[in-house]
Each structure stands twice: as C-alpha cells, then as structure tokens.
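The values are calculated or read from the model by the stated rules, or taken from the named source; none is laboratory data. If you're wondering where the values come from, they're calculated on a predicted model, not measured in any experiment. Neighbour counts run over all protein chains shown; Cβ positions are idealised from the backbone, glycine included.
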Amino acid sequence: MGKVLVTGGAGYIGSHTAVELIDKGYEIVIVDNLSNSEESVFNRIKKITGQLPQYGIFDITDKQILSQFFKNYSIDSIIHFAAYKAVGESVEQPLKYYENNLVGLINLLNCCVEFGVKNFVFSSSCTVYGQPDILPVTEQTPTGKVESPYGNTKLVSEQIISDFIKSGKNLKTVLLRYFNPIGAHPSGLIGELPIGVPNNLVPYITQTAAQIRDELKIFGNDYDTPDGTCIRDFIDVNDLASAHLAALEYLTKINNSTHYEAFNIGTGNGVSVKQLVDTFIQSTGVNLKYRYTDRRAGDVVKIWADTALANTRLGWKAKTPLSETLKNAWRWEREIRMNN
C-alpha cells in the first residue's frame with residue numbers, strides 16, 4: 001500500500017490516528033496548517049512511536065500548494081480531519097466554517113481524481129443528525145436537521161462526497177460520524193490542546209482542575225434529561241483513532257471502486273455533562289469548581305449512538321472505560337503544564 005495522507009494530523013484526533021497508523025506499520029504523511037495545533041506534536045508522535053512522520057505545514061484550501069504536494073508523494077489513501085470544529089464559533093462566524101471546511105474537501109477530492117487516490121476516510125460528525133426524534137441514533141436516522149453552521153458543513157460535505165461518487169469517480173469512501181471524542185494518549189504525550197479558551201468540555205474541565213480557568217461553566221441545567229444537563233456519547237480518542245484504521249482496512253478489502261458508506265462511531269451509551277463531571281472528580285480525586293449558566297446556541301439536548309453497524313462490519317468496538325479516559329485527559333493536562 002502507498003502512503004496514507006492524514007490531513008489535520010497535528011490536531012487532536014489526527015495525531016492519535018497518526019500514532020495508530022505508524023504503530024501498525026503504515027507509511028504516513030501529515031498536512032496541517034497548525035491553526036489549532038502546534039508543530040511540537042510531530043516530535044511527541046516520534047516519542048511515542050519512535051518515528052518522526054513526514055509532514056507539510058500549509059492550508060489545504062490553497063489548491064496550488066496542495067496539488068504540488070500530491071506531485072511529491074505517492075498517496076494511496078486519505079484520512080481527512082482538517083476542518084474547523086467548534087459549534088459555538090461556527091454560529092458566530094459561519095462564513096469562516098463554510099469556506100474552510102468545504103473548499104478544503106473539494107480541493108482534496110479534485111486531487112483524488114488527478115492523482116489516483118483509491119481510499120478516502122472522512123471525519124464526519126453526529127451533528128448531521130441534529131436532535132433526533134428516536135434514540136439511539138442508527139445510520140438510517142434521517143440527517144439534515146442540523147443545529148449549527150459547523151453541523152451543516154459536515155452534512156454538505158457528506159452530500160458533496162456522495163455526489164462525487166455517484167458521478168462515477170473511482171474512490172472508495174467511508175464516512176465516520178463521530179460522537180464526542182475525549183481523553184488523551186495513555187503516555188500523556190499527546191492530547192487535546194485547544195488554542196485559547198477551550199470550546200470542548202473535557203479540556204475546560206482539566207484546565208479548571210489545573211486552575212488555568214476559574215471555574216467550569218455548564219451550559220444549561222433545565223434540559224429535558226434526568227439531571228437537566230445535556231447527554232452525549234463520549235468516546236475515548238484512542239478508540240476513535242482505531243476506528244480509522246478499521247475503516248481503512250475495510251476499504252482495502254472492497255472490490256467496488258466507487259464505494260460509499262457511513263458508520264456511527266461512539267460507545268452506544270449516553271452520559272450527561274453532570275455525570276461526566278462527577279466521574280472526573282471521582283476518578284482523579286481533584287476538586288472541581290463549577291456552576292450552571294445559560295444554554296449555549298446550537299447545542300443538541302441528547303444524542304447517543306447505535307454502533308452495531310461499525311461493530312459488525314468494521315470489526316471495531318469502543319473499549320476504554322470513562323474513568324480511564326478522564327484519567328488520561330488529566331495526565332495530559334499536567335504534562336503540558338509542566339513542559340510549557
């Protein structure tokens with residue numbers, strides 16, 4: 001097999017997937033514009049795997065540079081993570097999200113045609129389901145009722161890929177609809193490293209525990225859930241990374257050159273924000289200051305996955321207990337504070 005291009009490979013999920021790929025003997029090359037990551041991540045990947053990945057630092061929305069990059073490398077497969085991903089920010093800056101997330105994808109698909117890429121794993125999201133009427137969510141749950149511009153970029157991206165495949169282009173594609181990735185690598189060497197104030201829950205929890213933030217604000221405690229806080233399907237980032245390997249291996253075994261399929265990637269369990277906070281306090285022994293505040297625009301009330309399709313077809317299953325995931329997140333937070 002030729003090289004695997006990991007776009008956004010210095011980012012949170014991308015870096016963990018890069019480690020998985022290297023550990024399993026894949027030859028990878030990373031592209032990242034470092035808009036929400038740091039170049040030091042490449043050395044951290046080397047510390048874990050013993051191998052420094054090849055990489056390019058540029059923006060995939062620049063079609064010319066991207067095309068030149070493809071000329072320099074023989075790329076067989078792509079795992080595409082490079083996209084903006086904060087729900088709240090997308091509500092405030094929709095054009096930034098549409099431009100980055102859609103133009104980047106279109107440029108990549110054009111390169112797939114031009115340079116004969118065979119396999120494409122797309123980082124999608126459960127946000128494409130909006131607030132579903134029936135839970136848990138299956139792959140047959142209707143998509144389209146998205147609650148934010150971010151969610152809409154994922155939905156439109158899926159439609160772009162589908163139309164691209166239907167037009168007869170030779171590309172085998174799997175869309176992975178993630179639920180809520182959390183945690184860090186057990187080594188404490190890579191994890192979620194948001195630039196500025198975190199948009200995601202667990203980095204905000206760990207930064208509050210590390211006294212970087214004064215307190216954790218929980219957005220809303222008056223939702224229609226048992227404890228009034230939103231319910232999510234929180235999946236360990238290492239389990240999520242292994243799903244990308246499973247998807248890639250699945251694609252290589254498919255003979256149809258125009259394959260298109262979506263999978264839910266989660267644990268299958270709904271956990272409330274309050275339950276997550278309580279589990280963090282119990283598993284780490286750290287006291288955490290938090291208070292409830294107003295609801296946040298774009299938030300879905302409750303969602304969790306039916307993962308049967310990924311379990312059976314991809315041979316993949318989430319394995320890591322929530323307490324272990326949160327301990328790893330806390331280990332990572334302390335590692336970056338000690339070394340910065």
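Here is a yes/no grid of residues against (1) in contact (Cβ under 8 Å) with a residue 12 or more places away in the chain; (2) polar (S, T, N, Q):
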position	(1), (2)
Ile30	yes, no
Glu38	yes, no
Lys46	no, no
Gly56	yes, no
Gln64	no, yes
Ser67	yes, yes
Ile75	yes, no
Ala82	yes, no
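Take Lys145 and decide whether it is surrounded by fewer than 21 Cβ atoms within 10 Å (Cβ to Cβ), out of contact with any helix residue (DSSP H, G or I) (no Cβ under 8 Å at 6 or more places or on another chain) and in the same structural domain as Asn110 (by TED's automatic domain parsing).
On the way: surrounded by fewer than 21 Cβ atoms within 10 Å (Cβ to Cβ): yes; out of contact with any helix residue (DSSP H, G or I) (no Cβ under 8 Å at 6 or more places or on another chain): no; in the same structural domain as Asn110 (by TED's automatic domain parsing): yes.
No.
If the requirement is being more than 16 Å from Tyr178 (Cα to Cα) and among the hydrophobic types (A, V, I, L, M, F, W, C), which of these qualifies: Val300, Val277, Val271, Val237? Before the answer, list the steps.
Working: Val300 fails: more than 16 Å from Tyr178 (Cα to Cα); Val271 fails: more than 16 Å from Tyr178 (Cα to Cα); Val237 fails: more than 16 Å from Tyr178 (Cα to Cα).
The match here is Val277.
Could you check how many residues of the range 276-307 are over 30 Å from Glu92 (Cβ atoms), touching a Ser or Thr at 6+ places or on another chain (Cβ under 8 Å) and outside any loop (DSSP other than H, G, I, E, B)? Full working, then the answer.
First pass over the range 276-307, keeping only residues over 30 Å from Glu92 (Cβ atoms): 278-279, 281-287, 306-307.
Then drop every residue that is not touching a Ser or Thr at 6+ places or on another chain (Cβ under 8 Å), which leaves 279, 282-283, 306-307.
Applying the additional criterion that residues be outside any loop (DSSP other than H, G, I, E, B) yields 279, 282-283.
Within the range 276-307, residues that are over 30 Å from Glu92 (Cβ atoms), touching a Ser or Thr at 6+ places or on another chain (Cβ under 8 Å) and outside any loop (DSSP other than H, G, I, E, B) number 3.
Filter the range 214-227 down to the residues that are in contact with a Phe, Trp or Tyr (Cβ under 8 Å, 6 or more places away or on another chain) and either without any contact (Cβ under 8 Å) to a residue 40 or more places away in the chain or assigned to a loop (DSSP other than H, G, I, E, B) (or both) and list them by number.
Once the filter is applied, which keeps residues that are in contact with a Phe, Trp or Tyr (Cβ under 8 Å, 6 or more places away or on another chain) and either without any contact (Cβ under 8 Å) to a residue 40 or more places away in the chain or assigned to a loop (DSSP other than H, G, I, E, B) (or both), the range 214-227 yields Glu215, Gly220, Asn221.
Mind telling me which of the residues Pro203, Pro198, Pro194 ends up being over 17 Å from Thr279 (Cα atoms) and either in contact with a Gly (Cβ under 9 Å, 6 or more places away or on another chain) or surrounded by 17 or more Cβ atoms within 10 Å (Cβ to Cβ) (or both)? So that I can check it myself, show each step before the final result.
On the way: Pro203 fails: over 17 Å from Thr279 (Cα atoms); Pro194 fails: either in contact with a Gly (Cβ under 9 Å, 6 or more places away or on another chain) or surrounded by 17 or more Cβ atoms within 10 Å (Cβ to Cβ) (or both).
Only one candidate passes the filter, namely Pro198.
Taking the range 240-250, which residues are of a type outside the set (Gly, Ala, Ser) and buried (at least 21 other Cβ atoms within 10 Å of the Cβ)?
If we filter the range 240-250 for residues that are of a type outside the set (Gly, Ala, Ser), which is where we start, we get 240, 244-245, 248-250.
Leu240, His244, Leu248, Tyr250, listed by residue number.
Could you please find all residues in the range 260-294 being basic (Lys, Arg) and modelled with pLDDT of 95 or more? Full working, then the answer.
Residues of the range 260-294 basic (Lys, Arg): 274, 289, 291.
Selection gives Lys274, Arg291.
When the residues of the range 21-60 are filtered to those that are charged (D, E, K, R) and surrounded by fewer than 20 Cβ atoms within 10 Å (Cβ to Cβ), which remaining residue is nearest to Leu193 (Cα to Cα)?
First, the residues of the range 21-60 that are charged (D, E, K, R): 23-24, 27, 32, 38-39, 44, 46-47, 59.
Then drop every residue that is not surrounded by fewer than 20 Cβ atoms within 10 Å (Cβ to Cβ), which leaves 23-24, 27, 38-39, 46-47, 59.
Values: Asp23: 22, Lys24: 25, Glu27: 25, Glu38: 8, Glu39: 12, Lys46: 17, Lys47: 17, Asp59: 19 Å.
Looking at residues that are charged (D, E, K, R) and surrounded by fewer than 20 Cβ atoms within 10 Å (Cβ to Cβ), I get Glu38.
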